[in-house]
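**Student:** One structure coming up, written as structure tokens, with questions to follow.
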């Protein structure tokens, strides 16, 4: 997609809004009348981007340029499709980052918008307040963040702090390093190696030993391609009966949508996978009925319609969870597009949940609740390039992705990977840390309760939590590479007290931890470009909390109103009895 900075400067302003025209392109900024937000901001993904529109012999001046010149970005693995949302029709206007048309105008009162957020219809980190004029008017800009300590949205499962694991450094001496990044889940074997090799007892022992030492959960991948259900049952027997590692979650295969049938093989399609899945579930649960078996382990969101939906239809009655992978880009993906891609994840989760709950799609399982599991994710699928994997943009993307995992209530998630698989990995093979390490170190301090939070800047998402020690945490991600935000953080429903801390990671540096020395009501913090900041804020014990969630407040209000009308009705009946006929 061509951006404004790629367009020749010889342009003439057109009438009818914020648009400029050159010989080949028309650059259109979002008009206020289209999406109801400030000009230049996409209301769907919050990107302050323009849209490129091509003119040609078979297209009018309003026809859209393809979302990726030279073909759609590929995903991690041969044949993988990083398919984004379906392309809008020719002649439409689309955002350069999320590739979606603008939303229809809406008129929702601010109070109503906050209520909708409590119902789960919008991520807590997205601003539902009116946006300010412009955040990027120079090297710094103002920002406001609100945290509602009285609105607890979700208990965050420990399994969100997961990693794909090779068995590297399974010795106890390295456990303190794993604890620094909060390792609470191991998925092994990582990637396609589990479908190319049988599980070895050595890898099972190494992974089981580390998980036991850290108190971490396990996801075990059993071989599907050239595998048999009986061998998978043997793996369950070794892990859970002989060694007592307590592996609860098991996946059948890895990215079967990327399999290519060899001569003489049947079509390796969703129907084939469903048949295999049922056989594996029966064999594995005959050994240990307590395990949870997950599928279909799809390679990316572009394959959800083709694989996840038919899997839900065929196996919704027996699947214990839905697992898939998310890789939004590769080494060619521009950083602004990469950082905006977390909105695609939101939409994918919404689709999966809607399919599961639809009795027409899931006749056997729509009344059950099962977890959604992201057993692999990273900013890029392309292991052989450092671009978007060992960069600060990758660390920033991962921080926002962790926030999206919480907001979307993902049960388990495993970053790809813990140890270096080419340029994937928190550590390289020599033990050197990569920028994403610092993101996980910050997130390890976040806490286990998600609170409501709002921000008025699209490039400054914020997520709030409560820690076991009672302190509040606020994780703020600056996705702008050149704008520092002078932010105020207002805490509602609790009073900040004591000595707050600022944990901050900026490009090229280690995580810095410093005491906060500014005012408490509100807090004032600067968020540097391309940074992740975690505020740890002690609060007064016994501080009054607001009612938990808008639903609770609505129920109380409804009870008060109902009682008032019942009282009036009783008074009316009493008056009627004593009144003359």
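Readers should treat all values here as calculations from the given coordinates under stated rules, not as data from a laboratory. Everything numeric in this text was worked out from a predicted model, so none of it was measured. With ideal geometry, Cβ positions are generated from the backbone for all residues, glycine too; neighbour counts draw on all protein chains shown.
**Student:** Would you please state which residues of segment 343-387 a label at residue 430 would reach in this model, taking the label point 7 Å out along Cα→Cβ and a backbone N cut-off of under 17 Å?
**Tutor:** Residues 386 fall inside that zone.
**Student:** Can you order the peptides 263-275, 231-243 by their average number of other Cβ atoms within 10 Å per residue, highest first?
**Tutor:** 231-243, 263-275
**Student:** Something else now. To make sure I understand, if each residue's beta carbon is the centre and we count other beta carbons within 10 Å, what order do 170, 290, 140 fall in, fewest to most?
**Tutor:** 290, 140, 170
**Student:** Continuing with this model, one more query. Per 0.36 nm of contour for each residue apart, how much would the distance between residue 305 and residue 180 grow if the chain were fully extended, relative to their Cα-Cα spacing?
**Tutor:** Difference between extended and current length: 41.2 nm.
**Student:** Using mean Cβ contacts within 10 Å as the protection proxy, how do 362-368, 401-407 order, highest first?
**Tutor:** Listed from highest to lowest mean packing, they are 401-407, 362-368.
**Student:** Something else about it: What fraction of the DSSP beta bridges in segment 157-445 is antiparallel, stated in percent and rounded to the nearest 5?
**Tutor:** That works out to approximately 5 percent antiparallel.
**Student:** For segment 253-327 and segment 191-228, write down the distance between their C-alpha centroids in whole Å.
**Tutor:** With segment 253-327 and segment 191-228 each reduced to a Cα centre, they are spaced 18 Å.
**Student:** R0 = 25 Å: FRET efficiency of residue 318 with residue 448, Cβ-based, nearest 0.05?
**Tutor:** 0.20
**Student:** How far is the Cα center of segment 451-520 from the Cα center of segment 371-428, in Å?
**Tutor:** First find each Cα centre; the distance between them is then 22 Å.
**Student:** Quick check on segment 322-467: what does the Kirkwood estimate of hydrodynamic radius come out to from the alpha carbon pairs, in Å?
**Tutor:** 16.4
**Student:** Evaluate segment 154-262: find the radius of gyration of its Cα atoms, find its Kirkwood radius, and give the ratio Rg to Rh.
**Tutor:** 0.99
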